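Encoded as structure tokens, the structure appears first; notes follow it.
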Amino acid sequence: MASFETLRWRDGRLEMVDQRALPARYVYLSFDSAQAVADGIRNMVVRGAPAIGCAAAYGVALEAVRLKDVRPGDFRSGLELAFVALAKSRPTAVNLFWALGRMREKLKASDGTDQRTVAAVLLAEAHAILEEDVRLNRRMGEHGAVLLSDGACVLTHCNAGALATAGHGTALGVIRSAVAAGKRIRVFVGETRPFLQGARLTAWELQQDGIPVTLIADSSAGHLMNRGEIDAVIVGADRVAANGDVANKIGTYGIAVLAQRHAIPFYVACPLSTVDPGVASGAEIPIEERGADEIVGYGETRWAPEGVAARNPVFDVTPAALVTALITEKGVMTAPDRYKIRRLCE
Ligand code: MRU
């Protein structure tokens, strides 16, 4: 289990590790309204599918707590605005909408009770979502750990660790559980251009845990596979369609194609809250495009010529046919397809 909390409730506020500052600085930022949380999600203070789901749940709860003593009409309309702001914060990871759906159900169920009780119920639900996420990640880790053999060298992409969840992680959770079971696992992580989640976050997380990690340029993956230096690939997911197609961080699709070419297993670890039976295939998953500023430079540094055109799609879709197995809290599903996914969601 990672030794830090990505999100925590302190003195009536949500605190989140500012992931933009890592690895140079490990600091928490404090949030006291839904709009502040929505901005934090959009600006990447918090990122990673399950983590933004947890943050969104707290965003709703914070707003209810903040407005608990206003007039009933203002309470209702304030909460509606909170749902809208949070739903607009990022489009691809379905966990955000899943968490808002759960909060909506609680709100409906508490209809007719006083506002203070509603606020308490919503806060309790946000806590429950957070705690549940850690529990499910641990279960997923145990299921997935058996797939990694002692001495394996595993490639991961982006950050699907404790920072991307409420704790333990999805893909990194599987690695953590394998290590906890006594297996010697070495990890390669791609930088994950352009936002560098691999270089800044995954490398930091694994270092904290003492798990051997080697950072590579994203474009090195094929070369290392070709030389037999990678035994398995494991990544997280932002949304899995009803047919098993997987949306994850940009670059994942290319790695999956390379893995198939080299007969290397390609595993996806995600909780059921990442599976969206409402989209038939990956083609229907909304893919976020972020600003060109993330492509033409980083921070204060600019390396591309002024005026150059740039595009920045930040997720891609890996067809189910390239996925060796999907690891969820319910177990390991080999060769996911629409029939198996339907049964999984029952
Ligand atoms: O843009 P990000 O950093 O939110 O993207 C995160 C990813 O793509 C992760 O791989 C995914 O959310 C799985 S996290 C357990």
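A few comments on the model shown:
- For the residues 318, 117, 328, a GNM of the chain with alpha-carbon springs under 10 Å puts the largest fluctuation on 117.
- For segment 7-137, the fraction of alpha-carbon pairs lying more than 17 Å apart is 53 percent, rounded to a whole number.
- Angle of helix 94-109 to the longest C-alpha principal axis of the chain, folded into 0 to 90 degrees and rounded to 10: 30°.
- Pairs of Lys residues in the chain, spaced 8 or more positions apart or belonging to different chains, with C-alpha separations under 20 angstrom: 4 in total.
- Between residue 345 and residue 294, the contour length at 0.36 nm per residue exceeds the Cα-Cα span by 14.7 nm.
- Working from Cα pairs under 8 Å separated by at least six residues, relative contact order for segment 284-346 is 25 percent.
- Segment 198-236 and segment 86-113 have Cα centres spaced 34 Å apart.
- Distance histogram in 20 Å bins (all Cα pairs of the chain, percent per bin): 32, 57, 11, 0
- At R0 = 51 Å, FRET efficiency that the Cβ-Cβ distance of residue 68 and residue 149 yields, to 0.05: 0.45
- Over the chain, relative contact order from alpha-carbon pairs under 8 Å, at least 6 apart, %: 16 percent
- Nearest-0.05 FRET efficiency for residue 181 and residue 124, computed from C-beta distance (R0 35 Å): 0.55
- Chain lengthening between residue 24 and residue 114 when straightened (0.36 nm per residue, less Cα-Cα): 27.9 nm
- Heavy-atom accessible area ranking, 1.4 Å probe, most first, across 276, 111: 111, 276
- Karplus-derived HN-Hα couplings along segment 199-213 (A = 6.51, B = -1.76, C = 1.60, θ = phi - 60°), whole Hz, x at Gly and Pro: 5, 8, 9, 5, 4, 5, 4, 5, 4, 4, 8, x, 8, x, 9
- Tensor-based shape of segment 147-344 (alpha-carbon gyration tensor, a/c under 1.5 rounded, otherwise prolate or oblate): oblate
- For segment 156-245, diffusion coefficient by Stokes-Einstein and Kirkwood Rh (Cα), 37 °C, 0.692 mPa s, µm²/s: 243 µm²/s
- Each Lys or Arg adds one and each Asp or Glu takes one away; over the other residues whose Cβ falls under 14 Å from the Cβ of residue 338, this sums to -2.
- The accessible-area ordering, largest first, of the residues 295, 129 stands as 295, 129, per a 1.4 angstrom probe.
- Remark: the residue 257-residue 332 segment gains 24.9 nm on full extension, using 0.36 nm per residue and subtracting the alpha carbon distance.
- Segment 157-197: equivalent-ellipsoid semi-axes (sqrt of 5 x gyration tensor eigenvalues, Cα, Å): 20, 13, 5
- Helical contribution to [θ] at 222 nm, DSSP H n ≥ 4, -39,500 (n - 2.57), averaged over the chain, rounded to 500: -12000 deg cm²/dmol
- Longest DSSP-loop-exposure-free segment, trypsin sites (Lys or Arg not before Pro), the chain, at most 10 other Cβ within 10 Å: 26-226
- Convex hull volume per residue for segment 241-346, taking Cα atoms only, in Å³: 128 Å³
- Principal-axis analysis of the Cα atoms of the chain puts helix 49-66 at an angle of about 10° to the longest axis.
- Residues considered: 15, 132, 205. Largest GNM mean-square fluctuation over the chain, using C-alpha springs under 10 Å, is found at 132.
- Candidate residues 191, 142, 329, 284: accessible-area rank, largest first, probe 1.4 Å: 142, 284, 191, 329
- Rounded to the nearest 10 degrees, the angle from helix 171-180 to the longest Cα principal axis of the chain is 70 degrees.
- For segment 26-86, Kirkwood radius (reciprocal of mean inverse C-alpha pair distance, Å): 11.8 Å
The values are calculated or read from the model by the stated rules, or taken from the named source; none is laboratory data. Keep in mind it's a predicted model, so treat the numbers as computed, not measured. Neighbour counts run over all protein chains shown; Cβ positions are idealised from the backbone, glycine included. Quick note on the areas: whole protein, heavy atoms, side chains included, nothing else; ligands and nucleic acids left out. Shrake-Rupley method; radii C 1.70, N 1.55, O 1.52, S 1.80 Å.
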